[in-house]
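Data first, discussion second: the structure below is written as structure tokens.
The values are calculated or read from the model by the stated rules, or taken from the named source; none is laboratory data. Just so it is clear, the model here is predicted, and its values are computed rather than measured. Cβ: placed from backbone, ideal geometry, glycine included. Neighbour counts: every protein chain shown.
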């Protein structure tokens with residue numbers, strides 16, 4: 001395999017790799033790229049994800065998207081058709097076996113599901129179902145459909161689903177490795193995702209626009225905005241280099257109103273800043289806000305409150321799209337009814353907030369500027385470590401702890417950065433690890449945590465971090481001592 005560099009894969013390298021990928025599972029042989037292009041070009045505009053995103057940004061609307069996926073094709077179609085009236089764009093969430101490339105186990109899960117008459121997998125095994133069955137899903141719907149998964153090696157999944165007519169593809173070599181896997185080498189997952197992005201770039205060269213969305217929440221546990229922003233921009237730059245042109249940058253709700261609005265605003269601005277600095281001009285950028293991804297209250301009334309708070313933040317921040325949770329988050333895979341209830345509650349809030357604008361104020365401006373300074377400091381070091389190559393720099397930055405995702409399982413992740421909430425619930429750094437932030441920024445974080453410690457009459461400690469992790473599930477934002 002070609003050594004990792006941030007440069008477009010040449011066609012000989014790509015095609016030889018594609019021949020190997022096609023042999024991974026029998027359904028890989030069903031894909032013919034030219035035929036897939038023709039199929040994609042025939043998809044009507046109202047079913048194209050990039051068009052929905054562009055229209056939403058023009059109109060100042062926030063699109064609603066659920067998570068959803070079950071094992072059997074007919075049941076998956078019924079589920080999406082049930083949710084379709086309540087959302088703007090649709091997902092196909094892939095099962096955990098497929099995410100790990102365990103296609104044999106996914107096949108067993110499909111067989112057991114058929115025998116049981118219900119899904120015994122936590123998602124849709126697209127690779128096992130193959131091209132024609134995946135097309136049956138797309139053709140049964142009237143709204144755009146995205147592949148959502150969690151796969152460090154998503155090459156075969158991309159080949160099949162893009163040829164099948166899915167018009168958006170989520171993930172990245174960092175965001176679908178570090179928070180999801182333990183022992184996958186980062187250099188390998190980055191290289192595998194160059195293949196996915198080059199494939200999408202080839203569709204672009206043939207006139208087919210495919211939306212690319214890095215996964216913003218990462219470990220979804222007290223992730224400071226600058227951490228996820230840095231990774232979103234890196235994955236965006238890597239995708240653009242391979243020819244992708246429609247990038248959706250993601251962010252997971254933190255819970256503090258000012259910080260969440262500042263995060264989405266700064267994310268879009270930083271995306272333009274870094275993409276244009278790298279010489280890219282022909283691209284489409286949008287943002288996605290993920291409703292709270294941490295622990296949920298067990299009672300449904302509390303869960304609806306969390307859902308609605310996230311919906312208000314997404315609308316006020318100007319996010320292009322919102323990933324919607326369900327009132328069953330604390331209990332496992334939701335019913336289709338619970339999934340639609342989450343969407344309907346979200347719709348109510350979005351409709352009520354749509355005409356409102358969050359007032360400009362110095363506190364918001366300060367938070368936007370803080371996030372930008374943090375991101376610039378981190379990415380400057382990443383570029384330095386890579387000697388100008390962002391792919392090489394990313395691997396070296398994780399090795400050095402310059403990039404560090406809190407509570408992520410990957411062995412390539414230092415795990416030294418430790419976040420905690422301040423006295424108003426914004427996420428700050430209790431311990432920066434080796435992340436290279438300016439001294440005055442670190443002092444600001446320390447002072448904000450000290451304010452909380454004084455208010456709670458206890459020393460700032462790891463116990464605060466633990467309390468914050470469980471706070472929302474206990475009907476609080478900040479883990480105050482009881």
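Looking for something in contact with a strand residue (DSSP E or B) (Cβ under 6 Å, 6 or more places away or on another chain), under 16 Å from residue 178 (Cβ atoms) and not assigned by TED's automatic domain parsing to the domain that holds residue 150 - is there at least one such residue anywhere in the range 468-475?
Restricting attention to the range 468-475, the residues satisfying the condition of being in contact with a strand residue (DSSP E or B) (Cβ under 6 Å, 6 or more places away or on another chain) are 468.
Checking the rest, the ones that are also under 16 Å from residue 178 (Cβ atoms) come to none.
No: zero hits.
What residue, among those in the range 307-332 that are surrounded by fewer than 24 Cβ atoms within 10 Å (Cβ to Cβ) and more than 19 Å from the chain's Cα centre (by Cα), is nearest to residue 476 (Cα to Cα)?
My answer is 309.
Do we have any residue at all in the range 248-259 that's in contact (Cβ under 8 Å) with a residue 12 or more places away in the chain and farther than 22 Å from residue 372 by Cβ?
The answer is no; no qualifying residue exists.
Would the range 376-399 turn up any residue that is touching a helix residue (DSSP H, G or I) at 6+ places or on another chain (Cβ under 7 Å), under 18 Å from residue 259 (Cβ atoms) and either in the same structural domain as residue 182 (by TED's automatic domain parsing) or at pLDDT 95 or above (or both)?
yes
Quick one: count up the residues across the range 276-296 that are modelled with pLDDT of 95 or more and within 12 Å of residue 220 (Cβ to Cβ).
Total satisfying the criteria: 3.
I'd like to check something: does the range 429-438 contain any residue that is touching a helix residue (DSSP H, G or I) at 6+ places or on another chain (Cβ under 9 Å) and farther than 26 Å from residue 181 by Cα?
Yes, the range 429-438 has at least one match.
Go through 373, 354, 340 for me and flag whichever is more than 19 Å from the chain's Cα centre (by Cα) and within 18 Å of residue 66 (Cβ to Cβ).
Of 373, 354, 340, the one residue that is more than 19 Å from the chain's Cα centre (by Cα) and within 18 Å of residue 66 (Cβ to Cβ) is 340.
Which count do you get for residues in the range 162-187 that are closer than 21 Å to residue 240 by Cβ and part of a helix (DSSP H, G or I)?
3
Just the residues that are in contact (Cβ under 8 Å) with a residue 12 or more places away in the chain and closer than 11 Å to residue 159 by Cβ, please, taken from the range 18-36.
18, 21, 22, 24, 25, 27, 28, 30, 31, 32, 33, 36
Let's see how each residue does on (1) touching a strand residue (DSSP E or B) at 6+ places or on another chain (Cβ under 6 Å); (2) at pLDDT 95 or above; (3) surrounded by 17 or more Cβ atoms within 10 Å (Cβ to Cβ):
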site	(1), (2), (3)
13	no, yes, no
21	no, yes, yes
36	no, yes, yes
62	yes, yes, yes
70	no, yes, yes
74	no, yes, no
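Look through the range 384-395, keep the residues that are more than 23 Å from the chain's Cα centre (by Cα) and assigned to a helix (DSSP H, G or I), and return whichever of them is farthest from residue 186 (Cα to Cα).
At the first step, the residues of the range 384-395 found to be more than 23 Å from the chain's Cα centre (by Cα) are 384-389.
If we keep only those that are assigned to a helix (DSSP H, G or I) as well, we get 384-385.
Details: 384: 19, 385: 16 Å.
Per the criteria, the residue is 384.
Return the total of residues in the range 334-374 being under 19 Å from residue 305 (Cα atoms), outside any helix (DSSP H, G or I) and in contact (Cβ under 8 Å) with a residue 40 or more places away in the chain.
Count: 1.
Could you count how many residues in the range 296-330 are in contact (Cβ under 8 Å) with a residue 12 or more places away in the chain and in a loop (DSSP other than H, G, I, E, B)?
Total satisfying the criteria: 13.
Among the residues of the range 437-458, is any in a loop (DSSP other than H, G, I, E, B), under 30 Å from residue 192 (Cα atoms) and outside the structural domain of residue 183 (by TED's automatic domain parsing)?
Within the range 437-458, none of the residues are in a loop (DSSP other than H, G, I, E, B), under 30 Å from residue 192 (Cα atoms) and outside the structural domain of residue 183 (by TED's automatic domain parsing).
Out of all the residues in the range 38-47, which are assigned to a helix (DSSP H, G or I) and either surrounded by 17 or more Cβ atoms within 10 Å (Cβ to Cβ) or without any contact (Cβ under 8 Å) to a residue 60 or more places away in the chain (or both)? If you could, list the steps in order and put the result at the bottom.
Filtering the range 38-47 for residues assigned to a helix (DSSP H, G or I) gives 38-41, 45-47.
Hits for the range 38-47 are 38, 39, 40, 45, 47.
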